[in-house]
Structure formats: C-alpha cells, structure tokens
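Engineer: Quick one: this structure, given as structure tokens, is what I'll be asking you about.
The values are calculated or read from the model by the stated rules, or taken from the named source; none is laboratory data. Note that the structure is predicted; figures quoted are calculated from it, not measured. As a convention, Cβ positions derive from the backbone with ideal geometry for all residues, glycine included, and neighbour counts pool all protein chains shown. These area figures cover heavy atoms from the full protein model, side chains too; ligands, DNA and RNA do not enter into them. Shrake-Rupley method; radii C 1.70, N 1.55, O 1.52, S 1.80 Å.
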Amino acid sequence: MKTMLTIISNALCRITGRNAGAQTVSEGARVVVSRSFADFTPQATFEIKKCDLHRLEEGPPLKAEMTREQGLQYYRTMQTVRRMELKADQLYKQKIIRGFCHLYDGQEACAAGIEAAINRSDHLITAYRAHGYTYTRGVAIKEILAELTGRKGGVAKGKGGSMHMYAPAFYGGNGIVGAQVPLGAGIALACQYQGNNQLCVTLYGDGAANQGQLFESFNMAALWKLPCIFICENNKYGMGTSVERASASTDYYKRGDFIPGLRVDGMDVLCVREATKFAADHCRSGKGPIIMELQTYRYHGHSMSDPGVSYRTREEIQEVRSKNDPISMLKDRLLSNNMASAEELKEIDVAIRKEVEDAAQYATSDPEPPLEELCNHIFYNNPPLEVRGTHPWSKLKSLS
C-alpha cells in the first residue's frame, strides 16, 4: 500500500512540478494535489471592447491589464453582490423583507468596475437600485440585509430600507426618479470648492434619462466645469418599458450634447474600469463633467413586485445569462489565462455563500428598533425650539 501511494505521489509531483521529498504520504492518507501561487500567471493583458465616443478625439485603451489579485478581488465583489441579492430575493418571497426592493443581479460589473477605478475618498450617489454600491462602498453584508429586514443593526438603523442606505462618501439610495442627479452635481461643486481633487460619480438609469432635472444639472455642471461623472446604467428597461419605446434617442451618452460622452460595455468589469479611469482623469484635469452610458442588464424585474417577464421573454433573459454574464466572463478569463484554478474559485464561492447565510441569520434574528426610536434622527442634533408635530406623543394645544 505504501509503495502504491508513493508511486501515485511521485507521479502527481511530476505533473505539478513539486518535489516528492517535500511531502510525506502516510498509509490511508488522501493524496491532494495543491497548486502554489507560483503556478499561476501573476498578470495578463486582455482586449476589451471599444467605447463609442461623443465629443472626444480619443477614448479609453483597447487593452486592459489585470493582476491575479485584482481578478480575484473583482470576482469576490461581483459574486458577493450576486449571492446577497439572491438571498434578498429569497427573504422577500418569505415575506421577511417587505416594501420596495430593487435587485442588482446582472449589473455587478458596473459597481465593481467603477469602484476599481476611483478612490475611496471620491463620492458616489445612485438611485434606488443601491444594494451593490452600498457593499462596494464598504458596508458589511449583514448591515445591508438587516436594513432590508428593518432591524436596528441595519446600516440606517432599520429605518431606511432598500432605497435609503448610506456610508462615508456614499449618499444613497434615492427613491425619487432622477432626483439624485442634481444632488450629485452639488457634491461635485463641493469637491471643486474645497479643491481636494475629488470627484462625484452620479448614477441614474435609462428610465430617469428623460427627466428635466438631468439636463439642468448637465448645464450647470458644464458651465462650472464640475468634476462629475454622470453615469447612465442602461439596463434596457425603465420599469416595464423598453428604451426604444421610452426615448426618441437611445444614445444616452450623447444626451449631454455639449458634454463629452462614452458608451461602454457594462457587462465587462475591465471595460467599465478602464472607461471610468478615463472619465476620472478627464474630471480631475479640470475639463469638467463627462457622461458614461453603461450597457448592462438586470436579471430580476424592476422590483420584487415585477415578475420581469411580461415585457420581455424568458429566452431573452436566459440568452444574456448564458452569453454575457459578467461573472462568467471574468471567471473564463481567470481560468483560460491560468490566473486561478476552478478549485480556488469554488472555495471563494463556498466562503461567500457562508458569509451571506450568516448575514441572513443576523438580519432575521436582530431585534427591530424600539418604538421610542421612531422619531429620532429627524434633526442632526436637538431642535433649538419646540416644533409642532415632530414629537408624536406630545399633546397638541388649540389656540382658537
């Protein structure tokens, strides 16, 4: 038996390039083939899709470098967002999460690519499909899920819910369609005023792209050369209406007219990263705002109340999943370029599933905020005078 195990061990060591003398194989032990980090390609260069340009002489590069560490980090980020959103779907169907809930699965490359291209000190504001960005901005999974279940351990103490989560340099989560865009321009104005070389990433969807307040914000940002990256996440449908039925022009990257624009493959994390780097350099150099259109796709409906198949076919969704999934695309790159092994990625998947399950357990066992907390945090600090109606338990007096 020992002789047979030694033969197998030596054969495996020849295949993997390891020294047979470095490993002792005992009787009854399992023979495990493990690869060292030296076996993997540390860095590779990838061709990426060319961006469509508006008012720009040149755009982002057509090739992107990615290290093994970066690739694994992008994979973890996107896979975590995917598993978190699928868990939110499950909790919603169990009626543990109630109310509005807009899921981000399918669009993970947008959040991961943008975050990889900007600094943590830069600012970001988005619409109501905010769970992914809440995570990439540094909020723990358990705080996100606890917010969705309305528990006091949530990132907004259980009072904000799906659409109102915040973190340092992250301004939500905004429920009013398009309302975050002028706020983002204001944040960019603050960056310019303070002279801190920071910028604001202001995100909105194709459904908000026809809002008048967007064009007012574009005009002011262009006049004052604000360091703002306006990003339209075009997932093809605004609620249940396709972009072709909603917009006379679906070239959203040209909508700024006098503002330069890029149309980007939003399903490729490297393409998003390189385009965002380009846009950030544009803003930081004092050239003013820039518009990016990320062509992406959501797998779920508009919200959990929307099955998502009354205005598009199941076959359409499945085709995107099978041919253009952002996580599968990155996984194929890592494996085909020997930057990771299937076993390693599987271990990452298992660890993420456990982390999400543990977070879900916390989000369902953490207590709800007590009733006396209901009207706290209306003011930044104690109100300077008594304001009628802000304390629900106070007795109102008639002055008539």
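Engineer: Taking GLU233 as the residue in question, decide whether it is under 19 Å from GLY184 (Cα atoms), of a type in the set (Asp, Glu) and in contact with a Phe, Trp or Tyr (Cβ under 9 Å, 6 or more places away or on another chain).
Structural biologist: Working: under 19 Å from GLY184 (Cα atoms): yes; of a type in the set (Asp, Glu): yes; in contact with a Phe, Trp or Tyr (Cβ under 9 Å, 6 or more places away or on another chain): yes.
For GLU233, the condition - under 19 Å from GLY184 (Cα atoms), of a type in the set (Asp, Glu) and in contact with a Phe, Trp or Tyr (Cβ under 9 Å, 6 or more places away or on another chain) - is met.
Engineer: Just for segment 153-207: of the residues that are touching a residue at least 12 places away in the same chain (Cβ under 8 Å) and of a type in the set (Val, Ile, Thr), which one is surrounded by the most Cβ atoms within 10 Å (Cβ to Cβ)?
Structural biologist: THR202
Engineer: Right, here's the next one. Test GLY138 against the criterion of being farther than 24 Å from LEU199 by Cα and of a type outside the set (Phe, Trp, Tyr), and give yes or no. Lay out the reasoning, then the answer.
Structural biologist: Numbers: farther than 24 Å from LEU199 by Cα: no; of a type outside the set (Phe, Trp, Tyr): yes.
The answer is no for GLY138.
Engineer: Another question about this same structure. ALA351: over 20 Å from the mean Cα position of the chain (by Cα), open to solvent by less than 70 Å² (accessible area, probe 1.4 Å) and either closer than 26 Å to ARG321 by Cβ or not charged (D, E, K, R) (or both), yes or no?
Structural biologist: The answer is no for ALA351.
Engineer: Also, quick follow-up: Give SER328, SER322 a once-over and let me know the one that is in a helix (DSSP H, G or I), open to solvent by 60 Å² or more (accessible area, probe 1.4 Å), within 29 Å of GLY207 (Cα to Cα) and not hydrophobic (A, V, I, L, M, F, W, C).
Structural biologist: Values: SER328 fails: open to solvent by 60 Å² or more (accessible area, probe 1.4 Å).
Result of the check over SER328, SER322: SER322.
Engineer: Return yes when GLU115 is surrounded by fewer than 16 Cβ atoms within 10 Å (Cβ to Cβ), free of Cβ contacts under 8 Å to residues at least 40 places away in the same chain and over 20 Å from VAL320 (Cβ atoms) and no when it is not. Write out each step before concluding.
Structural biologist: Numbers: surrounded by fewer than 16 Cβ atoms within 10 Å (Cβ to Cβ): no; free of Cβ contacts under 8 Å to residues at least 40 places away in the same chain: yes; over 20 Å from VAL320 (Cβ atoms): yes.
No; evaluated as a whole, the condition is false for this residue.
Engineer: Here's something else I'd like to know. Give me the pairs, please: first residue somewhere in segment 47-73 and closer than 18 Å to SER336 by Cβ, second residue anywhere and open to solvent by less than 100 Å² (accessible area, probe 1.4 Å) and of a type in the set (S, T, N, Q), beta-carbon distance under 6 Å, and either six or more positions apart or on two chains.
Structural biologist: LYS63/THR45; GLU65/THR45; THR67/GLN43
Engineer: Give segment 289-320 a look and list any residue that's among the charged types (D, E, K, R) and free of Cβ contacts under 8 Å to residues at least 24 places away in the same chain, or say none. Spell out the reasoning first.
Structural biologist: Keep residues of segment 289-320 that are among the charged types (D, E, K, R), which gives 293, 298, 306, 312, 314-316, 319.
Correct list: ARG314, GLU315, GLU316, GLU319.
Engineer: For segment 249-293, which positions are in a strand (DSSP E or B) and open to solvent by 10 Å² or more (accessible area, probe 1.4 Å)?
Structural biologist: Applying the first criterion (in a strand (DSSP E or B)) to segment 249-293 yields 261-265, 290-293.
Residues satisfying the conditions are ARG263, ASP265.
Engineer: Can you give me the number of residues within segment 217-231 that are among the small types (Gly, Ala, Ser) and surrounded by fewer than 24 Cβ atoms within 10 Å (Cβ to Cβ)? Show your work before the answer.
Structural biologist: Here is the first cut: in segment 217-231, the residues among the small types (Gly, Ala, Ser) are 217, 221-222.
This time we only want the ones that are surrounded by fewer than 24 Cβ atoms within 10 Å (Cβ to Cβ), so: 222.
Qualifying residue count, segment 217-231: 1.
Engineer: Return a yes/no flag: does segment 307-319 have any residue that is closer than 21 Å to VAL272 by Cα and surrounded by 16 or more Cβ atoms within 10 Å (Cβ to Cβ). Explain how you work it out, then say what you get.
Structural biologist: Of the residues in segment 307-319, the ones closer than 21 Å to VAL272 by Cα are none.
No: zero hits.
Engineer: Moving to a separate point now. Do you know which of the residues in segment 45-91 that are more than 30 Å from THR364 (Cβ to Cβ) and among the acidic types (Asp, Glu) is farthest from the chain's Cα centre (by Cα)?
Structural biologist: GLU57
Engineer: Okay, next question. Output the residues belonging to segment 63-117 that are farther than 22 Å from ILE317 by Cα and not in a helix (DSSP H, G or I).
Structural biologist: Those that are farther than 22 Å from ILE317 by Cα and not in a helix (DSSP H, G or I): LYS63, ALA64, GLU65, MET66, THR67, GLN94, LYS95, ILE96, ILE97, ARG98, GLY99, PHE100.
Engineer: Restrict the check to segment 193-215 and report whether at least one residue is touching a strand residue (DSSP E or B) at 6+ places or on another chain (Cβ under 9 Å), modelled with pLDDT of 95 or more, farther than 17 Å from GLY175 by Cα and of a type in the set (Ser, Thr, Tyr).
Structural biologist: no
Engineer: I need a count of the residues in segment 358-371 that are in contact (Cβ under 8 Å) with a residue 60 or more places away in the chain, more than 16 Å from TYR135 (Cβ to Cβ) and either charged (D, E, K, R) or open to solvent by 80 Å² or more (accessible area, probe 1.4 Å) (or both).
Structural biologist: Adding up the residues that qualify gives 2.
Engineer: Another question, if that's okay. Among the residues of segment 355-378, how many are within 11 Å of ALA146 (Cα to Cα) and assigned to a helix (DSSP H, G or I)?
Structural biologist: So the answer is 7.
Engineer: Given the structure, is ALA130 buried (at least 24 other Cβ atoms within 10 Å of the Cβ) and in contact with a Pro (Cβ under 8 Å, 6 or more places away or on another chain)?
Structural biologist: No, not satisfied.
Engineer: Here is a further query. If you check GLU143 against the conditions, is it of a type in the set (Asp, Glu), under 27 Å from VAL269 (Cβ atoms) and open to solvent by 10 Å² or more (accessible area, probe 1.4 Å)? Break it down stepwise before answering.
Structural biologist: Numbers: of a type in the set (Asp, Glu): yes; under 27 Å from VAL269 (Cβ atoms): yes; open to solvent by 10 Å² or more (accessible area, probe 1.4 Å): yes.
Yes, satisfied.
Engineer: Acidic (Asp, Glu) and either at pLDDT 95 or above or in contact with a strand residue (DSSP E or B) (Cβ under 7 Å, 6 or more places away or on another chain) (or both): does that describe GLU372?
Structural biologist: So GLU372 does not fit the description; no.
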